[in-house]
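Following: one structure in structure tokens, then a few remarks.
Quick note: the coordinates plus some simple rules give every number you see, no bench work behind them. Every value quoted in this text rests on a predicted model; they were computed, and no experiment measured them. Neighbour counts are summed over all protein chains in view; Cβ atoms, including those assigned to glycine, are modelled from backbone coordinates with ideal geometry.
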Amino acid sequence: MNTTKRAGLALLSLALAGALTACGSGGGQAQDAAAGGKVTIDYWLWDDNQLASYQACAAAFHEANPNITVKITQTAWAQYWQSLTTQLAAGQAPDVWTDHGSYYAQFVGSGQILDIQPFVDRDKVDLTQYQEGLADLWVKDGKRFGLPKDWDTMALVYNGTMLAEQKIKPEEMANLTWNPTDGGTLQQVIAKLTVDENGRDGLDPAFDKNHVKVYGFLPEWADGSQGQNGWGDLAVANGWTYLDKNPWGTRYRYDDPKLAQTIDWYRRLIDKGYAPKFDKQSTLGRDAVLNAGKGAMTFAGSWTINSYLGPDAKQKFALAPMPLGPAGVRKTAINGLSDAIFAGTPHQEEAWKWVKFLGSAGCQDLVAGNAVVFPAIKAAGDKAAAAHQAKGRDVRAYLDPTKTAGGTFLLPITDHGNEVSQIVQDAIQAIVLGQVGTAEGLKKANDQVNALFT
């Protein structure tokens, strides 16, 4: 038995032991709840932009359920998952936490998430109210491990001032094309928006790629195995699929030439000086680089709307839809979150009441009104769009794909998600750094990934 499997079994043993401990230690409070006593539900989330929305939901929930108080803890993304994994192993997990498709498979495999299908059946929750496909993400072997809470899609975000300086019309951005051979009109725009220190753009024969003042495009290379922030969307538009079936497939296809073609196109952007070299790019996030005026355009998820279109943005940004791919279709990943109930909670009924409320119009309409994310309930998503419009934000680039047949695709959900993510991200970064050839690097990574399922 290798060390990875030993560690996994040890973690599972700790988690199961912890779950039993949690059940035993919470018995008194559970009895109090049954007798009409007060119960506090611990709820964790990572997005500080959404904290106010869910505090409002918690207040509304408490008003309707005076004996139940929801205590919300918010921590940053990386710390969130580290802390949650540690707490689960120790049997001290929160009653409910915000869950992500990249992580939840490992919790299901360890028996750490409560199957809520019996509650859904009992309370006749309408699963058709949610954006198509989202409810199915949280089902495995007939068991359900969450209700959809929100969704996100991808679009192009660009600096409108720089666009005007290069005499590119916004209408052109709405009809961009892309292919992995010459990059289509997307690459032409990227080249025009790239400016060297002498003021020459990327189409000028005298352009100096070694002294770039503004990069036309900022790629995301710390994007795991999904490439949600760019390469995955373009590869799917090029005819690529991640794996044999989704969710719960067992054979990935990272060795497909259509993915290699996409990664090679990104490499050529770097070679031409239109995008920063991976080992030379800023340690700041792409939003910070764009706000500093050092970049003109990138792919960004709908969760960044307030970063680019909110009052704190330092530049005049606008949105455009993803480009038309070789098959003449636009493709954007659609991803959704849910809320998981800890299998070891002593407050199953109270936790379920909270999760059911989070997945209802009662909460999701409140979230929609704050115009931060698009709630999973279709009607609430439209209300969020209206709230953005009332603030003068045109967010149709994110919303329209959800209303277009075939405009979105679901990100892969499988076992071994964390391991797959690290293997693929390491491989792609090595390729971009020139340490290994594209086809060779992807083939090796694909073999390693698929070996996890044997």
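Here the sum of -39500 (n - 2.57) over DSSP H runs of 4 or more residues, divided by the residues of the chain, equals -12500 deg cm²/dmol at 222 nm, to the nearest 500. Note: segment 301-433, Cα convex hull, 185 Å³ per residue. Compared with the direct C-alpha span, the chain from ASP415 to GLN315 gains 31.9 nm at full extension, assuming 0.36 nm per residue.
Of the chymotrypsin sites (Phe, Trp or Tyr not before Pro) in segment 342-399, not one is in a loop by DSSP (not H, G, I, E or B) with at most 15 other beta carbons within 10 Å. In this structure, the amide hydrogen of GLY249, modeled 1.01 Å from its nitrogen in the peptide plane, lies closer than 5 angstrom to those of ILE413, counting only residues at least 5 positions away or on a different chain. Using a cut-off of 30 Å between Cα atoms, the listed pairs LYS403/LYS444; LYS245/LYS443; LYS169/LYS213; LYS209/LYS258; LYS314/LYS353 include LYS403/LYS444; LYS314/LYS353 as exceeding that distance. Between ASP121 and ALA174, the modelled labels are 4.9 nm apart [label points 7 Å from Cα along Cα→Cβ]. Loop-located chymotrypsin sites (Phe, Trp or Tyr not before Pro) across segment 114-220 with a Cβ neighbour count of 16 or fewer within 10 Å are lacking, with loop assigned by DSSP.
Evaluated at q = 0.23 Å⁻¹, the base-10 log of the normalised Debye intensity for segment 253-335, with identical point scatterers placed on the Cα atoms, takes the values -1.30. Straight Cα distances below 16 angstrom link LYS272 to the aspartates and glutamates ASP182, ASP196, GLU197, ASP201, ASP204, ASP208, ASP264, with same-chain residues fewer than 8 positions distant left out. Using the alpha carbons alone, the radius of gyration of segment 135-211 stands to its Kirkwood radius in an Rg to Rh ratio of 1.27.
The loop-placed trypsin sites (Lys or Arg not before Pro) in segment 357-454, going by DSSP, include none that has at most 12 neighbouring Cβ atoms within 10 Å of its Cβ. Between GLN389 and ASN49, residue separation times 0.36 nm minus the direct Cα-Cα distance comes to 120.5 nm. Label-to-label distance, LYS209 versus ALA59, with points set 7 angstrom from Cα along the beta-carbon direction: 5.5 nm.
Taking label points 7 Å from Cα along the Cα-to-Cβ direction, ALA439 and THR454 give a separation of 2.3 nm.
Considering all different alpha carbon pairs of segment 218-291, the Kirkwood hydrodynamic radius works out to 13.6 Å. Within the straight-line cut-off of under 18 Å between alpha carbons, the aspartates and glutamates reachable from LYS356 are ASP42, GLU63, ASP95, ASP99, ASP115, ASP121, ASP123, ASP126, ASP136, ASP150, ASP339, ASP365, sequence neighbours fewer than 8 places apart in one chain being disregarded. Among beta bridges from DSSP that stay inside the chain, the antiparallel ones total about 65%. In the chain, excluding the sites themselves, the longest stretch lacking any of the GluC sites (Glu not before Pro) that are in a DSSP loop with at most 14 other Cβ atoms within 10 Å is 198-454.
Between the helical axis of 438-451 and the longest alpha-carbon principal axis of the chain there is an angle of about 10 degrees.
Local charge for TRP354 was computed over the other residues whose Cβ lies under 15 Å away, with Lys and Arg +1 and Asp and Glu -1, and equals -3.
Computed from backbone phi with θ = phi - 60° and the Karplus coefficients 6.51, -1.76 and 1.60, the 3J(HN,Hα) list for segment 148-162 is x, 10, 7, 8, 9, 10, 10, 7, 8, 10, 9, 7, x, 5, 5 Hz; x is used for glycine and proline.
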